[in-house]
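Please read the structure below before turning to the comments.
The values are calculated or read from the model by the stated rules, or taken from the named source; none is laboratory data. All of these numbers come straight from a predicted model, not from anything done at the bench. Virtual Cβ from ideal backbone geometry, glycine too; neighbours counted across all protein chains shown. With ligands, DNA and RNA removed, areas are computed over all heavy atoms of the protein, side chains included. Shrake-Rupley method; radii C 1.70, N 1.55, O 1.52, S 1.80 Å.
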Amino acid sequence: MSKINRRKFMKLAAVSGALATGTGASQTALAGSIKLEEGGRGFSPSTRKELKAIPTACWQCVTRDAAIGYVEDGRLKKLEGNPNSIRTLGKLCARGQAGVNQVYFPDRILYPMKRIGKRGEHKWKRISWDEALDTIAARLKPLRDAGTPELFMYQYGRHKASQAATMYDFMAAYGTKTIGNHTSVCEAAKWVGQESLWGGMYDNWDYDKTDFVVNFGSNQFETHTNHIPTAQRLIRAMVDRGVPLYTFDVRLSNTAAKSTRWLPIKPGTDGLVALAMVNVIMNEDLYRKDHFKYMRVTEDHHASVDEKIAAVKANVAKFTPEYAAQRSTVPADAIREIARGFAKANSACLVSYRGAVMHYHGADSERAMMLLAAVTNNLDRAGGRVMGVGASWNHPKSKPARVSKSLHINDGFPGEAAYPTHHVSHRVFDMIKDGHEGRPQVYWWSCYNPTYINGDNDRVAEIFKDEKLMPFLITSTITYDESSSLADIILPDVTYPERWDWEDMVSANQIAEYYIRQPLIKPLGEARCQGDVWADLAKRIGFELAWSSKEDFVRQSCEMTPGVKEAGGFEYMKKHGVWHDPDAKPNYGFFEAKADVSGDTVILDKQTGVYWDYKKAGVSKSEAESKGYLGVKGAKSAYVAQDIEGTPRRAYPPNTAFTKSGLLDFYSDNFKVKGFPAFPTYTPIPEHEKMGSDDMIMTTYKTAVHTHSRTAHCKWLVEMKHDNPAWINTQTAAARGIKNGDAIRVKSDVGEFATTAYVTEGIIPGVIAVSHSLGRKYSGVFASGKSNPMNGGAEADPDVKNIWWDTHGTHPNTAIPNWSDPISGTQRWMDTVVRVAKA
Amino acid sequence: MGTNWKKMADNASSRSHIYGLLAAVFREEPSAALVEELRSPQMKEVFGEMDIKLGQGFHSASALLVADVLAEEFTRLFLGPGRHISAHESIFAEVDGDSGSLWGATTVDVKKFIEATGLAYDPEYTGIPDHVSVEFEFMQRMSAWEADQWRQKHRGRAEYCADVQRRFLDRHLLRWLPQFMDAVITEATVPFYRSMAELSKNFVLLERASFVEEAAA
């Protein structure tokens, strides 16, 4: 039979269909229907017994994917995605799967520790939890009783959902508002830029329906705030529907490599390229009028659409593609081509992240991105950039303290940042050193490593060591790292597979998903969940919380939250891990919703077109009318609607620190009053304008298998990536006599570090890029090569013998200043000017 | 550029039809009705193009007579009494040192594999779980389900289903089918079963090659 091939079989198939459907054989052997499950069950490879599958949620990064832990005989064996999650569709990245390492890494801190000897001498004594909490209470109670609760400062790196809610509840009941976060080193500029326009932040991209994607500075396929839910959807869009992706990045990240085209771009010019794209779209009449009525682009809130179009054209007239090309290195014809594609697509997503915004005036770059989305009507509609939707949990709230105060050390020095709405966390220690705004007597940090993650980190460490500046240091942690090594008391925290939480991360399909984290195993050693510690500590200080433990907090929340309660509450969530309203519709276009303005105390402000409730604002009608919406302090909290061409619509309520109408404030009085351009513009980075011929720009980035500081002790991850050589362009390297693999020194005005060169065409000339996450002084034997100096288990892990690598990377932060974007206060990760030479 | 959902669905559907044909042929003695279907003009044309020879009498004699002849051959080849070729994987494939017996360790493996997908054995079915026709029917059902997923644009499920089929081919069908069909080719005295054995063997080997190509792509 020599004439057999696939085509012939297909012909045979076509004519044998009737036989195949059952008329051929008199009886079928198989019955039932196929149910293939993509995950959700696990089996032991050795015993073949089914493992216990417990739904939970990841914590390796802020994406917090729903996951399933598989447990055998009380030991966590593996973590996989939860296939029932509508956010993540059962996927879990490498970081997430390595969460097992968090539990069992040998240098983990398992007992409360008290420092003996000087800070940094690494001398410790194990103490009981009672002694630890009594010691802490003895410090905190007098501050509260004296009416100075603000002298207790708490700072976190990663706290979200119920981990944050329980902490804030304790702090509110205690009375301190001196609470620091980390957002300024994350992406504060992006949020400030967005808040000035459409209110509460956290954008999302509707990849399931989009037709075109432009990406400025995001490495979404490797790492992003909502990485797994969005990356897989973007990939599916590209593969299934042929959606093009254009990525602007200084280097050839894995996202850029998978894009339709990578556009190398000079750091700090993303906003300029976005404005040039607006220039093309406006001048070629490719804009869509739909969203203009929701935009404010001149001083006049009541400008007509045609006046607005003319104003936008005028504002971007200077930013021609040629102008942008000269400054950004992106070719002018590429700017035109991509702008046209973006505008002509049925729908398009504009993505922006750290590469575009962690700069001087990064917040304004974000406003330029939003402008590009708005003039093409790609805001808040299917297929476009949309406002993120996440679960909204109800939860118990404790009675707040009678006295509640804050030290003003969270927002940078006076005048440093105009709108530090997410604080200026990287400058807390400079503020403490300065002392003008006071200093906390007790400083407690958790899920954070301040002497590692900030810029100029060696100097931060020196402030930490000074007991006159920072008298008492407490940390809740699992690792002995650069910061916890300087604490006075170390409390052993649980790892996330050992604790309860409810979770609320942004959905990728605009339908909120409610999900929980629950203990997969008994906590190791004497580790205790911080939520449990708060409840215990409160009693020792002399007040009660409305919940007795983190589990109790989660249980109450499940029973208090509509939808979750009806689905079965706490028991349902424990069993399934995830829930969403099956009747929920994707949240698009809320801004178009008509609003009821019939209330007796609702009036229309003539200047802004805002409908607002003067009674809710606490003023009389006459005062409201005479002063107007913008003239009454706090009026924005009484916002009801925006007049849009004669119809009151919800529009974009001013629900953040910015006082504005319900229009997208592209012309911003808030910016103008602080001396910044009112309309998005391009402001060159001052230091870059003064660069000498030998100077370069240093940027940083993250990789697929690490987060900023919390993964280097995970052996599976650090085996994959344990070195971070500096990316340098071939021509740039050659000009300095540097070859691939050479030892080099990178020096800035604040510090220097040694590393090796990775010479590549995958980065633009004149820029050097070094990733975060490595160069650890401590954090365990896998991360740094050094074991925890306390008693404990590095030797107990047989894999210590299998460490085949002898590099641990470098830490670029020693050469990066601790400096801020004057608009948002964001840390300017991507602006450092350096000199690079062969070592 | 993008996924050609219809093409993917049609491919899977075509595979399902072929497996269904093979399941029907090897399940039991062919009925007169099946003979009529197999010698329809369309089938005859395709068999001709594929150089599949079913014997002179297959097309000319009455369907009842052909069915009788094939029934006798089917019994001699696959049922006995006396020397025959047992159409069960456990006879040919060895697992844990166990082979050459009916209802061996392999049979259990096949049954668990099939049942893990959600299917069950029909209570009316009196055969043994790893009969060649059952394995063909399983592949028929799986590829039909895969086709349905492609039609609904459920890429994840379709690809997962294809992956399960690949695994079944690797772990089961391909481990014994070529050897079984070679035995049929050698022992058959009636062209029909010789040709059907050649067709089956070639098809399953083509399946393997296709999966290898897809994996490489």
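Is the stretch A:393-411 home to any residue that is over 18 Å from the mean Cα position of the chain (by Cα), free of Cβ contacts under 8 Å to residues at least 24 places away in the same chain and not in a helix (DSSP H, G or I)? No, the stretch A:393-411 contains no residue that is over 18 Å from the mean Cα position of the chain (by Cα), free of Cβ contacts under 8 Å to residues at least 24 places away in the same chain and not in a helix (DSSP H, G or I). Of the residues in the stretch A:363-379, at least one is of a type in the set (Lys, Arg) and part of a helix (DSSP H, G or I). Candidates B:Glu28, B:Glu45: the one that is within 9 Å of chain A (Cβ to nearest Cβ) and over 17 Å from the mean Cα position of the chain (by Cα) is B:Glu45.
Check the stretch A:86-109 and report whether any residue there is in a strand (DSSP E or B) and surrounded by fewer than 23 Cβ atoms within 10 Å (Cβ to Cβ). Before you say what the answer is, go through the steps one by one.
Here is the first cut: in the stretch A:86-109, the residues in a strand (DSSP E or B) are none.
Checking the stretch A:86-109: not a single residue is in a strand (DSSP E or B) and surrounded by fewer than 23 Cβ atoms within 10 Å (Cβ to Cβ).
Mind checking whether some residue in the stretch A:175-184 is under 24 Å from A:Gln827 (Cβ atoms), in a helix (DSSP H, G or I) and open to solvent by less than 10 Å² (accessible area, probe 1.4 Å)? Outline the logic, then answer.
Our first condition is that a residue be under 24 Å from A:Gln827 (Cβ atoms); within the stretch A:175-184, this holds for A:177-184.
From the residues that got through so far, the ones that are in a helix (DSSP H, G or I) too are A:183-184.
Among the residues that remain, those that are also open to solvent by less than 10 Å² (accessible area, probe 1.4 Å) are: A:184.
Yes, because at least one residue in the stretch A:175-184 is under 24 Å from A:Gln827 (Cβ atoms), in a helix (DSSP H, G or I) and open to solvent by less than 10 Å² (accessible area, probe 1.4 Å).
Residues in the stretch B:70-91: is at least one in contact with a Pro (Cβ under 6 Å, 6 or more places away or on another chain) and either aliphatic (A, V, I, L, M) or facing another protein chain (nearest Cβ under 10 Å) (or both)? Looking through the stretch B:70-91, at least one residue is in contact with a Pro (Cβ under 6 Å, 6 or more places away or on another chain) and either aliphatic (A, V, I, L, M) or facing another protein chain (nearest Cβ under 10 Å) (or both).
Out of all the residues in the stretch A:748-760, is one or more under 30 Å from A:Leu275 (Cα atoms), at pLDDT 95 or above and not in a strand (DSSP E or B)? For the stretch A:748-760, residues under 30 Å from A:Leu275 (Cα atoms), at pLDDT 95 or above and not in a strand (DSSP E or B): absent.
Which of the residues spanning the stretch B:98-115 are in contact (Cβ under 8 Å) with a residue 24 or more places away in the chain and within 10 Å of B:Ile128 (Cα to Cα)?
Here is the first cut: in the stretch B:98-115, the residues in contact (Cβ under 8 Å) with a residue 24 or more places away in the chain are B:102-103, B:106, B:109-110, B:113-114.
Hits for the stretch B:98-115 are B:Leu102, B:Trp103.
Quick one: would you say B:Ile128 is hydrophobic (A, V, I, L, M, F, W, C), within 14 Å of chain A (Cβ to nearest Cβ) and surrounded by 15 or more Cβ atoms within 10 Å (Cβ to Cβ)? Quick ask: steps written out before the conclusion?
Working: hydrophobic (A, V, I, L, M, F, W, C): yes; within 14 Å of chain A (Cβ to nearest Cβ): yes; surrounded by 15 or more Cβ atoms within 10 Å (Cβ to Cβ): yes.
Against the criterion (hydrophobic (A, V, I, L, M, F, W, C), within 14 Å of chain A (Cβ to nearest Cβ) and surrounded by 15 or more Cβ atoms within 10 Å (Cβ to Cβ)), B:Ile128 qualifies.
Among the residues making up the stretch A:31-49, those that are open to solvent by less than 60 Å² (accessible area, probe 1.4 Å) and facing chain B (nearest Cβ under 7 Å) are A:Ala31, A:Gly32, A:Ile34, A:Leu36.
Which one of A:Asp333, A:Asp285, A:Asp300 is open to solvent by 20 Å² or more (accessible area, probe 1.4 Å), free of Cβ contacts under 8 Å to residues at least 24 places away in the same chain, of a type outside the set (Gly, Ala, Ser) and at positive phi? Outline the logic, then answer.
Working: A:Asp333 fails: at positive phi; A:Asp300 fails: at positive phi.
None of the others qualify; the one that does is A:Asp285.
Of all residues in the stretch A:303-330, which are among the aromatic types (Phe, Trp, Tyr) and either open to solvent by 10 Å² or more (accessible area, probe 1.4 Å) or free of Cβ contacts under 8 Å to residues at least 40 places away in the same chain (or both)? Listed by number, the list holds a single entry, A:Tyr323. Among the residues of the stretch B:92-149, those that are in contact with a strand residue (DSSP E or B) (Cβ under 9 Å, 6 or more places away or on another chain) and among the charged types (D, E, K, R) comprise B:Asp109, B:Lys111, B:Glu115, B:Asp122, B:Glu124, B:Asp130, B:Glu137, B:Arg141.
The rows are residues; the columns are (1) within 10 Å of chain A (Cβ to nearest Cβ); (2) open to solvent by less than 30 Å² (accessible area, probe 1.4 Å); (3) at pLDDT 95 or above.
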site: B:Gly104; (1), (2), (3): no, yes, no
site: B:Asp122; (1), (2), (3): yes, no, no
site: B:Val134; (1), (2), (3): yes, yes, yes
site: B:Glu137; (1), (2), (3): yes, yes, yes
site: B:Met142; (1), (2), (3): yes, yes, yes
site: B:Glu146; (1), (2), (3): yes, yes, yes
site: B:Arg171; (1), (2), (3): no, no, no
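Please go through the stretch A:232-255 and pick out each residue that is free of Cβ contacts under 8 Å to residues at least 60 places away in the same chain and crowded, with 22+ Cβ neighbours inside 10 Å. Of everything in the stretch A:232-255, those that are free of Cβ contacts under 8 Å to residues at least 60 places away in the same chain and crowded, with 22+ Cβ neighbours inside 10 Å turn out to be A:Leu234, A:Ala237, A:Val243, A:Leu245, A:Thr247, A:Thr255. Please determine, by comparing only the residues of the stretch A:147-172 that are touching a Cys at 6+ places or on another chain (Cβ under 9 Å) and in a loop (DSSP other than H, G, I, E, B), which one is nearest to A:Cys529 (Cα to Cα). Going through the qualifying residues, I end up with A:His159. A count restricted to the stretch B:2-25 and to residues that are more than 8 Å from chain A (Cβ to nearest Cβ) and under 10 Å from the mean Cα position of the chain (by Cα) stands at 1.
Which of the residues belonging to the stretch B:106-120 are within 14 Å of another protein chain (Cβ to nearest Cβ) and either on the phi > 0 side of the Ramachandran plot or not in a strand (DSSP E or B) (or both)?
Step one: filter the stretch B:106-120 for residues within 14 Å of another protein chain (Cβ to nearest Cβ), giving B:107-120.
Once the filter is applied, which keeps residues that are within 14 Å of another protein chain (Cβ to nearest Cβ) and either on the phi > 0 side of the Ramachandran plot or not in a strand (DSSP E or B) (or both), the stretch B:106-120 yields B:Thr107, B:Val108, B:Asp109, B:Val110, B:Lys111, B:Lys112, B:Phe113, B:Ile114, B:Glu115, B:Ala116, B:Thr117, B:Gly118.
Residue count for the stretch A:518-577 under the criterion of being within 21 Å of A:Asp130 (Cα to Cα), at pLDDT 95 or above, open to solvent by 40 Å² or more (accessible area, probe 1.4 Å) and not in a helix (DSSP H, G or I): the result is 4. Residues of the stretch A:698-705 include at least one that is touching a Gly at 6+ places or on another chain (Cβ under 9 Å), among the β-branched types (Val, Ile, Thr) and surrounded by 18 or more Cβ atoms within 10 Å (Cβ to Cβ).
Please determine, by comparing only the residues of the stretch B:158-169 that are at the interface with chain A (Cβ under 7 Å from one of its Cβ atoms) and touching an Asp or Glu at 6+ places or on another chain (Cβ under 7 Å), which one is most open to solvent (accessible area, probe 1.4 Å).
Residues of the stretch B:158-169 at the interface with chain A (Cβ under 7 Å from one of its Cβ atoms): B:160-161, B:164.
Checking the rest, the ones that are also touching an Asp or Glu at 6+ places or on another chain (Cβ under 7 Å) come to B:160-161.
Values: B:Tyr160: 70, B:Cys161: 0 Å².
Result: B:Tyr160.
For first residues located in the stretch A:117-134 and over 21 Å from A:Met470 (Cβ atoms), partners that are among the aromatic types (Phe, Trp, Tyr) and open to solvent by 40 Å² or more (accessible area, probe 1.4 Å) and lie 6+ apart or on another chain with Cβ distances below 6 Å form the pairs A:Arg126/A:Tyr111. Hey, any hits in the stretch B:34-42 for a residue that's within 11 Å of chain A (Cβ to nearest Cβ), surrounded by fewer than 19 Cβ atoms within 10 Å (Cβ to Cβ), in contact (Cβ under 8 Å) with a residue 24 or more places away in the chain and assigned to a helix (DSSP H, G or I)? Yes, that holds for at least one residue. For the stretch A:463-517, the set of residues classified as of a type in the set (A, V, I, L, M, F, W, C), farther than 27 Å from A:Gly780 by Cα, assigned to a strand (DSSP E or B) and touching an Asp or Glu at 6+ places or on another chain (Cβ under 8 Å) consists of A:Ile516 only.
A:Asp290 falls short on exactly one of the conditions (1) at pLDDT 95 or above; (2) not in a loop (DSSP other than H, G, I, E, B), and that condition is (1). Taking the stated definitions as given, is A:Ala712 modelled with pLDDT under 95, surrounded by 17 or more Cβ atoms within 10 Å (Cβ to Cβ), of a type outside the set (Val, Ile, Thr) and under 30 Å from A:Val836 (Cα atoms)? Yes; evaluated as a whole, the condition is true for this residue.
Within the stretch A:619-636, the presence of a residue that is open to solvent by 20 Å² or more (accessible area, probe 1.4 Å), closer than 25 Å to A:Gly383 by Cα and not polar (S, T, N, Q) is excluded.
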